[in-house]
Amino acid sequence: MIELRDVCFSFDGESSVLDHVSLTVGAGERVLLLGSNGSGKSTLARLLNGSLPPSSGTVSVDGAVDGLARLVGYVRQDPRNQLVSAVVSDEVAFGPRNLGLPREEVVARADEALDACGISRLRDRMTSELSGGQQQLVALAGVLAMRPRYLVLDEATSMLDKATRAHVARVVDEVAARGVGVIEISHKPVLRPDRVLAMRGGRLTEGELPREAPAYSRQPCTPRSNHTLRGSKLTAVYGSRPALSDVSLELRGLTLVTGPSGAGKSTLARVLAGVLAQDSGEVTLDGRAVRPGDVGLAFQRPEDQLFCDTVLEDIAYGPRMRGVPDALGAARDAAGAIGVGEDLLDRSPFELSGGQMRRVALAGVVAGRPGAYVLDEPTAGLDADGVRELQALLCRLADEGAAVVVITHDPEEWASCADSLVRLRDGRVEGVGEHA
Ligand SMILES: Nc1ncnc2c1ncn2[C@@H]1O[C@H](COP(=O)(O)OP(=O)(O)OP(=O)(O)O)[C@@H](O)[C@H]1O
Ligand SMILES: [Mg+2]
């Protein structure tokens with residue numbers, strides 16, 4: 001049994017993140033942990049596997065208070081914080097090798113975990129070159145290969161498409177049926193839990209299964225001016241693998257881009273925003289060739305675009321570069337629109353929760369008010385309020401005339417906002433629809 005007794009935790013010794021939290025999780029039990037962005041879920045997860053010590057109180061696992069990392073497998077919210085090896089097969093073998101198991105056993109476990117997660121074909125790929133969703137699967141496989149007694153999944157499926165999420169749910173269900181206690185932390189849970197808990201104000205309370213939130217619905221409005229982002233005959237090749245082949249698109253209003261893992265969505269995002277040079281073809285915004293900075297780009301991993309000392313400076317960077325007169329004012333407005341609280345503005349952007357970082361990155365992208373935006377999986381890790389705030393904001397920008405491109409695994413989530421939908425597959429446009 002995992003047992004937390006009267007645990008308190010604070011990062012700075014002043015404000016408490018966990019306030020007298022007690023919790024038990026038994027073998028084979030499935031627990032869902034809910035809570036809004038910044039409520040302390042990941043902090044709790046790190047305490048559960050011993051990677052953070054509590055400020056007071058005790059954490060024990062099957063009676064042990066040391067060596068928790070061997071007992072509690074932890075799939076982190078950001079897979080890149082987890083991956084340590086260059087090559088996928090080494091990554092998945094890393095855990096069992098560290099347990100000191102014989103070579104054959106290490107290989108057998110790694111093969112089994114790769115197979116269970118459906119990623120055997122990725123075994124020789126570089127971990128750094130995988131898509132976000134593929135990295136999540138590798139991180140999960142690496143943890144499963146250690147055969148932990150308990151499993152903590154922290155937004156571990158946030159970048160996966162529906163079919164892959166369902167596959168992961170089956171894999172985790174089987175693991176739980178064999179007696180592994182599972183704690184799923186997610187804004188979009190995949191497991192059917194035995195128990196639902198929620199973090200609120202540093203306390204752990206009984207929670208309720210999240211209901212499908214009503215979709216944000218866009219009020220029709222006639223755009224004042226229509227910016228047009230156009231890609232003509234775009235081709236992009238990594239080494240010998242073509243990621244985009246002859247892609248032509250004319251983007252106005254709010255467009256969804258969807259497609260299976262590896263279809264080329266993130267490559268298209270970078271090419272459209274002018275930060276990755278295409279091998280052939282052309283990208284224009286209102287007829288002019290796109291240069292970096294013309295198009296607001298939100299990366300799939302928001303951490304990748306944060307770099308200033310404070311949250312406010314980070315959000316103000318974009319408007320400053322674009323010569324917006326009151327850059328700090330624009331930054332404050334954008335922060336407010338996307339739910340970055342006043343109390344966060346003076347903090348370091350690197351000491352935030354996953355969802356808070358994403359909100360900061362998104363605020364930075366919209367604060368510069370470019371004519372076009374490309375956002376790569378922008379709702380991964382956002383809580384329900386965050387999703388609605390973002391949808392309202394992007395609809396407003398589109399209604400004001402911006403070309404807004406949202407790359408998503410979940411087109412249904414955006415159906416009531418979008419003007420059109422583009423499906424990519426194997427680097428090609430498979431279909432274009434008027435409405436999502
Ligand atoms: N390294 C850090 N240093 C200081 N404060 C931190 C650090 N990491 C997180 N925090 C703060 O601790 C609180 C809890 O963060 P935590 O990451 O546990 O939230 P969370 O519930 O996992 O949120 P999310 O849904 O966004 O992932 C937040 O206020 C956050 O800003
Ligand atoms: Mg978190």
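What the table shows:
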item: Sole exception among (1) in a loop (DSSP other than H, G, I, E, B); (2) closer than 27 Å to Gln134 by Cβ; (3) within 16 Å of ligand 1 (Cβ to nearest atom) for Leu32, by number; result: (1)
item: Residue that is surrounded by the most Cβ atoms within 10 Å (Cβ to Cβ), among those in the range 304-319 that are of a type in the set (D, E, K, R) and modelled with pLDDT of 95 or more; result: Asp314
item: The range 316-366 - residue that is within 11 Å of ligand 1 (Cβ to nearest atom) and among the basic types (Lys, Arg) and, of those, nearest to Arg396 (Cα to Cα); result: Arg359
item: Residues of the range 35-51 classified as near ligand 1 (Cβ under 9 Å from one of its atoms) and in contact with a helix residue (DSSP H, G or I) (Cβ under 6 Å, 6 or more places away or on another chain), total; result: 3
item: Residue list for the range 52-70, filter: away from ligand 1 (no atom under 16 Å from the Cβ), outside any strand (DSSP E or B) and touching a residue at least 12 places away in the same chain (Cβ under 8 Å); result: Asp62, Asp66, Gly67, Leu68, Ala69, Arg70
item: Looking only at the range 164-183, and only at residues there that are crowded, with 19+ Cβ neighbours inside 10 Å and in contact with a Ser or Thr (Cβ under 9 Å, 6 or more places away or on another chain), the one that is farthest from Ile119 (Cα to Cα); result: Arg165
item: Candidates Gly427, Gly433 - the one that is in contact with a Leu (Cβ under 8 Å, 6 or more places away or on another chain), free of Cβ contacts under 8 Å to residues at least 40 places away in the same chain and more than 16 Å from ligand 1 (Cβ to nearest atom); result: Gly433
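One line per residue, one yes/no per condition, for (1) within 16 Å of ligand 2 (Cβ to nearest atom); (2) surrounded by fewer than 24 Cβ atoms within 10 Å (Cβ to Cβ); (3) on the phi > 0 side of the Ramachandran plot:
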{"site": "Leu345", "(1), (2), (3)": "no, yes, no"}
{"site": "Arg359", "(1), (2), (3)": "yes, no, no"}
{"site": "Pro370", "(1), (2), (3)": "no, yes, no"}
{"site": "Tyr373", "(1), (2), (3)": "no, no, no"}
{"site": "Ala392", "(1), (2), (3)": "no, yes, no"}
{"site": "Leu397", "(1), (2), (3)": "no, yes, no"}
{"site": "Glu400", "(1), (2), (3)": "no, yes, no"}
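The values are calculated or read from the model by the stated rules, or taken from the named source; none is laboratory data. On a predicted model such as this, the values are computed, not experimentally measured, just so you know. Positions of Cβ are backbone-derived with ideal geometry, glycine not excepted, and every protein chain shown enters the neighbour counts.
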